[in-house]
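I'd like to ask you about the structure that follows.
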Amino acid sequence: MNNTTELNSKVAGLESRVDLLESELSYIDQLLLKCGFPEGIKTLKRTVEELLSESPVDINEDESEVL
């Protein structure tokens, strides 16, 4: 395969991944709206940032939480 063909193949793969991620993000946003987050992901993000600013949580390398 030549370089252009390889790059085109990689671009097509990346475009496919972007489409999948956009679909998943949209689905999660819709679920959050149904669960009472008025702006979906935006509201969830603000809520988590607020919670963390009130009570920071450290995650150790082994992913156990320390309060």
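The values are calculated or read from the model by the stated rules, or taken from the named source; none is laboratory data. As the structure is a prediction and not an experimental result, all values here were calculated from the model.
Which of the residues that make up segment 7-51 are among the acidic types (Asp, Glu) and modelled with pLDDT of 95 or more?
Our first condition is that a residue be among the acidic types (Asp, Glu); within segment 7-51, this holds for 15, 19, 22, 24, 29, 39, 49-50.
Listed by number, the residues that qualify are Glu15, Asp19, Glu22, Glu24, Asp29, Glu39.
If you scan segment 33-51, which residues turn out to be in a helix (DSSP H, G or I) and more than 13 Å from the chain's Cα centre (by Cα)? Walk me through how you get there before you give the answer.
Just the residues of segment 33-51 that are in a helix (DSSP H, G or I), to begin with: 33-34, 41-51.
Answer for segment 33-51, where residues must be in a helix (DSSP H, G or I) and more than 13 Å from the chain's Cα centre (by Cα): Leu33, Lys34, Thr43, Arg46, Thr47, Val48, Glu49, Glu50, Leu51.
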